[in-house]
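Single-structure report; data block below.
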Amino acid sequence: MIETDEIKEKVILIGVSSQEGDDTEESLEELADLVKTANAQPIATVIQNRESIHPGTYIGKGKIEEIRLMINELDATGVVCDDELSPAQLRNLEEMLDTKVMDRTLVILDIFAKRATTSEGKIQVELAQLKYSLARMVGLRSSLSRLGGGIGTRGPGEKKLEMDRRLAKDRIAQLKRELEEMQRHREVTRGQRSKNKIPVAAIVGYTNAGKSTLLNTLTGAGVLEEDKLFATLDPTTRLLELPSKQQILITDTVGFIRKLPHHLIEAFKSTLLEAKYSDMIIHVVDASNPHMEKQMHIVYETLNNLEIKDKPVITLFNKQDKLNEKASLRDFRADKTLHVSAKHGEGLDLLQNELEEMLRQKNILVERLFPYSQAGKIQLIRKYGELLEEDYKSDGIYVKAYVPLKIYETVVN
């Protein structure tokens, strides 16, 4: 079956549950969504309960035989494992099942290859793909060339399978150089923002929580919105003017997900670190998702791994329009929590009020009379601070305002 010039693969999902009460079922539900996003069809799910993942074949031999029969009965074109497979596990499973074997990392890389649009995004994805496949090339070359297209063979994937290890390493080195150059450019951009003295808020959250919708509703950014995992990859920054006339830059970031491949974290580190250089964090949560608490934990865990700490956090429990009953939701790790619907704009006026309040907490209250010869300083306050009162008197201009620390010395001296 051909759809949009791509093979519609039919795959069996496989997971290993090591203990009662773990999140294997939730993880496989998410894997099914990932597979659908990669334009394949999950047709069955298999969970093996065992103490640990089998080091050689991921699952036990009895379960392998069961899956082999399922592949023939269901006419499946492959299987997808819910963890990253070692080269040995991959080769052994392919030999024993005689079908295409993929893992969670390969599916995510495939989605990223389809979603990346900017030069930096494409380089980051190709670099992650090459690093992932380098150790697997010997095992993959024969099997994937036999099975044709589909997940894992999109974009740069088709090129990398034709390379030998030496060429792949050369390509990795070249991509790293290009990425380093782009990272330097990103650092220059960050430096310019710092000089401009405009504060930055980074939007973070689990994939498909509504981050792009929030950015679009607040700023009219025009970023792609889809009810799919990783609908947008490339970070977008837009200027937002708050009701008090203060300006703030809002930056969207890559969505987080459980078991986010380390290859991607490394490749996208410069993009993810947009949050590290921000003044505050806007954490978007899908309040309609039954696994909301787990998703919130993964977001904070990822931020911690990236050493993004000690920043004020506003958590938005988004998609209130999808809830049958309004619930009182809290995030005790956040400085403030709000219930919003980014799609319909519900609660976003409160968000802007909270952003203003956080900016005030970082600012210094100034009350003084400026001589008319220093009227330019008032324009500086108007641009970067919050002007509360302005009164023209005979001997100067009386001003009461909140002023950012970055311009305080310039204003008062």
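Apply the a/c threshold of 1.5 to the C-alpha gyration tensor of the range 250-322 and tell me whether it is rounded, prolate or oblate. Oblate.
Quick one: net charge around Asn413, please, counting Lys, Arg +1 and Asp, Glu -1 for every other residue with C-beta under 12 Å from its C-beta. Don't jump to the answer; show the numbers that get you there.
Details: positive: Arg368, Lys377; negative: Glu409.
Taking every Cβ under 12 Å from that of Asn413, the sum is +1.
Given a 1.4 Å probe and the protein chains as shown, Glu66 ends up with an accessible area of around 80 Å².
Label Thr45 and Glu20 with points 7 Å out from Cα along Cα→Cβ: what is the distance between them in nm? Going by the 7 Å Cα→Cβ label model, 2.0 nm. Of the peptides 45-52, 312-319, the order by per-residue mean of other Cβ atoms within 10 Å, starting with the highest, comes out as 312-319, 45-52. Only one of the values (1) 145; (2) 156; (3) 173 was calculated from this structure for volume of the Cα convex hull per residue in Å³; name its label. Among (1) 145; (2) 156; (3) 173, the one derived from this structure is (2).
Accessible area per residue was computed with a 1.4 Å probe on protein heavy atoms; Arg91 scores about 90 Å². Solvent-accessible surface of the chain, taken per residue with a 1.4 Å probe and all protein chains present: 47 Å².
How would you rank 386-395, 333-342, highest first, on the average number of other Cβ atoms within 10 Å across their residues?
Numbers: 386-395: 11.6, 333-342: 19.7.
Going by the mean number of other Cβ atoms within 10 Å, highest first, we get 333-342, 386-395.
A probe of 1.4 angstrom, applied to the heavy atoms of all protein chains, finds Tyr132 with accessible area near 10 square angstrom.
Residue ranking by accessible heavy-atom surface, 1.4 Å probe, largest first, among Asp103, Asp279 comes out as Asp279, Asp103.
For the range 259-374, what class follows from the C-alpha gyration tensor (a ≥ b ≥ c being the square roots of its eigenvalues): rounded when a/c is under 1.5, otherwise prolate if a/b is larger than b/c, else oblate?
Values: a/c = 2.65, a/b = 1.36, b/c = 1.95.
In terms of gyration-tensor shape, oblate.
Listed by chain and number, the aspartates and glutamates whose alpha-carbon sits under 16 Å from that of Lys8, ignoring those within fewer than 8 places in the same chain, are Asp33, Asp75, Asp110. Largest first, the extents of the alpha carbon coordinates of the range 16-100 on the three principal axes equal 31, 27, 24 Å. The gain in end-to-end length when the Ala173 to Tyr398 segment is fully stretched comes to 75.0 nm, 0.36 nm per residue minus the alpha carbon separation.
Only one residue of Leu365, Asn304, Phe332 has its Cα farthest out toward the positive end of the dipole of the range 276-413, where Lys and Arg carry +1 and Asp and Glu -1 on Cβ, and that residue is Asn304. Taking label positions 7 Å along the Cα-Cβ direction at both Ala327 and Ile364, the computed distance is 4.6 nm, reported to one decimal. With R₀ set to 22 Å, the beta-carbon distance separating Glu29 from Lys8 gives a calculated FRET efficiency near 0.60. For the chain, the Cβ-based charge dipole about the Cα centre amounts to some 1500 debye (Lys, Arg positive; Asp, Glu negative; other atoms uncharged). Among the protein heavy atoms of the chain, carbon and sulfur supply 47% of the accessible surface, probe 1.4 Å, non-protein parts ignored.
The values are calculated or read from the model by the stated rules, or taken from the named source; none is laboratory data. Just so it is clear, the structure is predicted and the values come from calculations on it, not from any experiment. Don't worry about glycine lacking a Cβ; one is built from the backbone with ideal geometry, like all the others, and counts go over all protein chains shown. For accessibility, only protein heavy atoms count, side chains too; no ligands or nucleic acids. Shrake-Rupley method; radii C 1.70, N 1.55, O 1.52, S 1.80 Å.
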